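The values are calculated or read from the model by the stated rules, or taken from the named source; none is laboratory data. These numbers were taken from a predicted model, which means no experiment stands behind them. Cβ atoms come from the backbone with ideal geometry, glycine included; neighbour counts cover every protein chain shown.
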């Protein structure tokens, strides 16, 4: 099974100058916990956890730019990577999501633990267990 078989394909992106509030509203509207931040290149990703811990908990202005709270240093995989290999990568990196690219370098999806759980509960469970062993989950 390949990453493309389970990944979320309809990826919504945001610009770095979009407000934190706008990105949170996007997440609510599309029922997603992560939005890539892209200008002419991929700058980062914002997760629902970033919004809670870096904005709300710190009392930031929610109308400020999302670039203030995004996570940079995106980890990724290719859409034709083996799903088990992507799962191992997520475990090693202690990450719950990977950005997925096609061979032309375009974002084609996001792979999350939830995506894996839909088709392969055992694989998702093992991955989550390995990720959860670390105190600081990304």
Which fully enclosed strands (runs of 3 or more DSSP E) of segment 37-126 have 1 or more residues being in contact (Cβ under 8 Å) with a residue 40 or more places away in the chain and under 17 Å from residue 2 (Cβ atoms)?
76-78, 97-101, 107-112
Can you tell me which residue among 63, 80 is surrounded by fewer than 17 Cβ atoms within 10 Å (Cβ to Cβ), over 20 Å from residue 110 (Cα atoms) and in contact with a strand residue (DSSP E or B) (Cβ under 9 Å, 6 or more places away or on another chain)?
63
Matching residues, segment 1-19, being under 15 Å from residue 41 (Cα atoms) and either in a helix (DSSP H, G or I) or more than 14 Å from the chain's Cα centre (by Cα) (or both)
15, 16, 17
Residues to consider are 72, 19; find the one that is modelled with pLDDT under 95 and either farther than 25 Å from residue 115 by Cβ or out of contact with any helix residue (DSSP H, G or I) (no Cβ under 6 Å at 6 or more places or on another chain) (or both).
72
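Select, from 6, 23, 46, the only residue that is within 14 Å of residue 98 (Cβ to Cβ), crowded, with 18+ Cβ neighbours inside 10 Å and touching a strand residue (DSSP E or B) at 6+ places or on another chain (Cβ under 8 Å).
Values: 23 fails: within 14 Å of residue 98 (Cβ to Cβ); 46 fails: within 14 Å of residue 98 (Cβ to Cβ).
From the options 6, 23, 46, the qualifying one is 6.
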From the list 100, 56, 118, which residue is modelled with pLDDT of 95 or more and over 12 Å from the mean Cα position of the chain (by Cα)?
56
